[in-house]
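Read-outs: derived from the displayed coordinates by stated rules, not from any lab. Because the structure is a prediction, the values reported are computed rather than measured. Counting neighbours? That spans all protein chains shown, and the Cβs are built from the backbone with ideal geometry, glycine included.
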Amino acid sequence: MTDTAPQRDAVSDETADLSVLDALVAVAVQRGVHLSVPQLCHDYVFGPEGPSDGLILRMAAENGLVARQVTLAWNDLATLGKALPVIIRLNNGHSVVAVSYNEDIEPHTLIVSDPAGGDERLMAVDEARLMDAWDGTAFLVKRRFKPLDQEQPFGLQWVLAQALRERKLFRDVAVATLIMTIFALVPPVVFLIILDRILVSQSGTSGPPGRSSNTSRPSHAVSTPPLARWPVRLLRPACFPSAGAICWIATRPIIPA
């Protein structure tokens, strides 16, 4: 492992406050993105006052992260939840990382770390002490996952990524489902066509020899009005062909033997 401290001194100005870069690198590591301060100093140009807020957002966007500058109050820190850790910029320009919010003891405290100081120990800061040195400026940072990134959390984007990754398998499943649906729909449709077009027409025109087709249907035959048939005919879905056929037969005109 090489020492990166000399590299940082070589690429940065001695008067520049790079604590925000240390905080950005620390949060990026927590999000699964590996950055380094020397790399950021080499890739981006900033003055002795350090990187501006807009440059911090640009650094995050160009390195697989999504950052947003917000203004928070003390009560907002308790509602961040999975958004932690966040970068907190103090009034003097120094930046620290808010790791977690402790509600187990009174008064409630914010657990912070100072990556720029080289001390990895966590410090508990109460509301009065933090608000004296902080005006609410903070950076929310999260990782921007690529469409086919396997490390992204479970969700709709993860499902879509799996579908894109296994698109050939999903294509085969879709084609097989379509073919099975066609085979399932064809028999009941043919059956209904036979009932509607063939059997009914034959029963209406057949009769004893010597009798015309006009006398084959007695005058006392009871028929269902056409307007009363259509609600029942709508109850003939292809997934229930037998039930549909029964409903169809029940609504046909009654022809006595």
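Brief remarks follow.
- Per-pair calculated FRET efficiency, R0 = 30 Å: residue 55 and residue 162 via Cβ, rounded to 0.05: 0.25
- Taking θ as phi - 60° and the Karplus parameters 6.51, -1.76 and 1.60, the scalar couplings of region 124-130 work out to 9, 10, 8, 5, 5, 5, 6 Hz in sequence order, x denoting glycine and proline.
- Under-5 Å amide H pairs with residue 50, H placed in peptide plane, nonlocal only: 17
- What the Cβ-Cβ distance of residue 66 and residue 34 gives, at R0 = 25 Å and to the nearest 0.05, is a FRET efficiency of 0.90.
- Label-point separation in nm, residue 174 to residue 144, each point 7 Å along Cα→Cβ: 2.8
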